[in-house]
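The structure appears below as structure tokens.
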Amino acid sequence: MNNKPKYSAYWSLGEGKGIRIAVWDTHVQLTRIERDNNGNWITKQEISLARPILEKLFIRLPKIFDLMIGE
């Protein structure tokens, strides 16, 4: 088994805050991280979404975005 994700990235959410994404064979993992006062990154929240959930979200995302923007 490969112990590296197929894809990984960091998305900034402002100074000292961000989200790491890792795409694995079986799931996607989102990790919300923040810098503490010492400059260390700490995990604030971790969410893993399995393939069946991602498939359901993928189909519904256009409608979800329409609801969010009020169309």
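The values are calculated or read from the model by the stated rules, or taken from the named source; none is laboratory data. These numbers were taken from a predicted model, which means no experiment stands behind them. Neighbour counts are summed over all protein chains in view; Cβ atoms, including those assigned to glycine, are modelled from backbone coordinates with ideal geometry. The area values use the complete protein model at the heavy-atom level, side chains included, leaving out ligands, DNA and RNA. Shrake-Rupley method; radii C 1.70, N 1.55, O 1.52, S 1.80 Å.
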* **Residue order for 65, 58 - accessible surface, 1.4 angstrom probe, largest first** => 58, 65
* Which label marks the calculated value of Rg and Dmax of the Cα atoms in Å, given the options (1) 15.0, 44; (2) 11.8, 38; (3) 11.0, 30? -> (1)
* DSSP-assigned coil residues among trypsin sites (Lys or Arg not before Pro) in the chain, each with at most 12 further Cβ atoms within 10 Å -> 6
* To do: At 1.4 Å probe size, with no ligands or nucleic acids counted, give the accessible surface of residue 55 in Å², nearest ten.
  => 90
* To do: Tell me the label-point distance for the pair residue 68, residue 32, using the 7 Å Cα-to-Cβ offset, in nm and rounded to one decimal.
  => 1.4
* To do: Could you pull out every one of the lysines with an alpha carbon less than 26 Å from that of residue 6, ignoring same-chain neighbours closer than 8 positions?
  => 17, 44, 56
* Structure fact -> With +1 on the Cβ of every Lys and Arg and -1 on the Cβ of every Asp and Glu, the dipole magnitude of the chain about its Cα centre, in debye rounded to the nearest 20, is 180
* Asked: What is the sum of charges around residue 33, taking Lys and Arg as +1, Asp and Glu as -1, for the other residues whose C-beta is under 9 Å from the C-beta of residue 33?
  -> +4
* To do: Answer with one residue from 23, 54, 3: the one whose Cα lies farthest towards the positive end of the charge dipole of the chain, charges on Cβ with Lys, Arg +1 and Asp, Glu -1.
  => 3
* Structure fact -> Applied in sequence order to the stretch 34-48, the curve 6.51 cos²θ - 1.76 cosθ + 1.60 (Karplus, θ = phi - 60°) yields integer Hz couplings, x standing for Gly and Pro, of 9, 7, 8, 5, 8, x, 8, 7, 10, 7, 9, 7, 9, 10, 10
* Asked: Which of the chymotrypsin sites (Phe, Trp or Tyr not before Pro) found in the stretch 1-47 are in a DSSP loop and have at most 12 neighbouring Cβ atoms, other than their own, within 10 Å?
  -> none
* To do: Find the relative contact order for the chain and round it to a whole percent, using C-alpha pairs within less than 8 Å whose residues are 6+ positions apart.
  => 19
